[in-house]
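In what follows, a structure is listed as structure tokens, so that the remarks can point back to it.
Laboratory data are not the source of any read-out in this text; all were calculated from the coordinates shown. Bear in mind that the values here come from a model prediction, so they are computed numbers and not experimental data. FYI the Cβ positions are ideal-geometry reconstructions off the backbone, even for glycines, and counts take in every protein chain you see.
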Amino acid sequence: MSVDASAGPKREEPGLRIGVDVGGTKIEAIALSSSGEERGRVRVSTPRHDYDGTVRAISDVVAELEQGVEVRGTVGVGIPGIVSPATGLVKNANSTWLIGKPFDKDLAAALARPVRVANDANCFALSEAVDGAGRDAEVVFGVIVGTGAGGGIVVDGKVLTGSNAVAGEWGHNTLPWPDAEETPGPPCYCGKRGCIEVFLSGPGLARDHTVSGGPASTAEEIASRARTGDEMAEAALARYERRMAKSLASVINVLDPGVIVLGGGCSNIERLYESVPRLWKGYAFSDEITTELRRNVHGDSSGVRGAAWLWPVRDE
């Protein structure tokens, strides 16, 4: 049974923020105080391929959170796509039933308040910039290396979206300074070849290991085998490290962030945090690189926390 998110008396609490992370299989919502303290959390299954059902499910989890804390808050939502500045409709979404819909407007109507919507990688970067691994940096580049390779940029605590809403989409640039065997590169779902994503995603690491003669393995298994001295796994991981170093050096050359934060499954490969900064010095255009590569603090909660922080303190 749906709950009307706008019904019932609720007192306003300054600084209460509700974040919603819309995934392909689950919708998760969190309520944060102005200091970032968690006040409540709700998780439900995503109504796949049902746009109206998805809007209702988000409205319901917001209502459930607000009934639990008995206050009304701001709402930010992270989605696996973007709202096009040109059309006002969702595009580039893995949750394909959102594509072509005025999602932010429909959700604002359902919740009877303004809603801020951002790409889930941007929400990850924002969460880590506000009170996570990049909290002490003015410019943070957040990287998600999991099933794909996404990115987000935060400057002075605010997401940089860009004129076309694609700022931070480093995964769909060509791998820089490619070696002979890296060009033209494997095909990417975007229609191009040799994208950073096809090399640095978890499936990309697994593919490289297999085509080089190793057994079919996940990224986690490859990292584990490399730790035990498996030569094929070690070689695949060394190539992965060099490719990540080149890719992040190109980000340093353009954006020059103080901190780069890794998220996603491949962020759990511990050796990356020592090897990649050592290697990127050979590609970045500076005699000294002070940028730090850090592991995320909030883990799987970064996306939903970042959605809540789409309403920063100064906007209260």
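Observations
- The share of alpha-carbon pairs in the stretch 11-119 lying farther apart than 18 Å comes to 44%.
- When the chymotrypsin sites (Phe, Trp or Tyr not before Pro) in the stretch 187-268 are filtered for DSSP coil states and for at most 16 other beta-carbon atoms within 10 Å of their beta-carbon, the remaining sites are Tyr189.
- Residue ranges 72-80, 190-198 sort as 72-80, 190-198 when ordered by packing (mean number of other C-beta atoms within 10 Å per residue, highest first).
- One equal scatterer on each Cα of the stretch 215-271, no solvent, Debye formula: the resulting log10 I(q)/I(0) at q = 0.30 Å⁻¹ is -1.25.
- CD proxy at 222 nm, helix term only [per DSSP H run n ≥ 4: -39500 (n - 2.57); per residue of the chain; nearest 500]: -10000 deg cm²/dmol
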